[in-house]
Amino acid sequence: MQEIKILEENFEKALRKSPELRRKAMELATKRAHQTVHTSIGGKLNDSHGKIAGWQVIRLGSKGGYGVVKATNTSSGANSPGAITNYLEHGHKIREPKKRGAKGYRPRIHTASVNGRWFYRVVAADVNRITLDAANEVCKGIADIIEGKNV
């Protein structure tokens, strides 16, 4: 009976620590997704100074229930970091010249739109793997608590 009681006490400790472990797992998964977004931006864009990658920030829920990687919202409008990230992610139209043959703007690119780079879409495909890895680490932490290794 003593073994059952010890297991019960350790299980109670694991249950008390589970919100903290869940938050830690969410932070870990979000940080890994953030790193993957940075890597994807570096691979798809010429962002040698890290301007676009530096705009991507992590937001965590107050109780650790969710994590988001998104562009910072330092300003609003058509030239805000969120808008520029959206243009790069999904593509955008190219403006048309004012008049044919007129002096001024003459397009060098002869397409209707610029294709998107899809650096967020690539990471979205890996989110399940990233989340599963973080959940496995939390499960190992709970197992250690139950076994009495990490009290």
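The values are calculated or read from the model by the stated rules, or taken from the named source; none is laboratory data. Everything numeric here is computed off the predicted structure, so don't read it as measured data. Quick reminder, even Gly has a Cβ in these numbers, built from the backbone with ideal geometry, and neighbours come from all protein chains shown. The area values use the complete protein model at the heavy-atom level, side chains included, leaving out ligands, DNA and RNA. Shrake-Rupley method; radii C 1.70, N 1.55, O 1.52, S 1.80 Å.
Calculated accessible area for the chain comes out at 74 Å² per residue, all protein chains present (probe 1.4 Å; ligands, DNA, RNA ignored).
Sequence-ordered 3J(HN,Hα) estimates for segment 109-117 from the Karplus curve with 6.51, -1.76 and 1.60 and θ = phi - 60° stand at 9, 10, 10, 7, 8, 9, 5, x, 8 Hz, glycine and proline given as x.
Taking Rg and Dmax of the Cα atoms in Å straight from the coordinates, which label in (i) 14.7, 45; (ii) 23.6, 93; (iii) 16.8, 61 is the correct one? Computing Rg and Dmax of the Cα atoms in Å and matching it to (i) 14.7, 45; (ii) 23.6, 93; (iii) 16.8, 61 gives (ii).
Summarise the accessible area of the chain (1.4 Å probe, protein heavy atoms) by the percent that is carbon and sulfur. Walk me through the numbers before you get to the answer.
Working: 5950 of 11120 Å².
Percent of accessible area from carbon and sulfur atoms in the chain: 53.
Annotation: ASP144 carries an accessible surface of approximately 60 Å², with a 1.4 Å probe and no ligand, DNA or RNA atoms counted.
So if R0 is 25 Å, what FRET efficiency would VAL114 and ASN73 give, r being the distance between their Cβ atoms, rounded to the nearest 0.05? With R0 = 25 Å, the Cβ-Cβ based efficiency is 0.60. For every helix of n ≥ 4 consecutive DSSP H residues, a contribution of -39,500 (n - 2.57) applies; sum these over the chain, divide by its total residues, and give [θ] at 222 nm rounded to the nearest 500 deg cm²/dmol. The per-residue figure over the chain is -20000 deg cm²/dmol. Taking every full run of DSSP H in the chain, the ones that stretch at least 18 Å from end to end by Cα along their long axis and average -0.5 or higher on the Kyte-Doolittle scale are 119-147.
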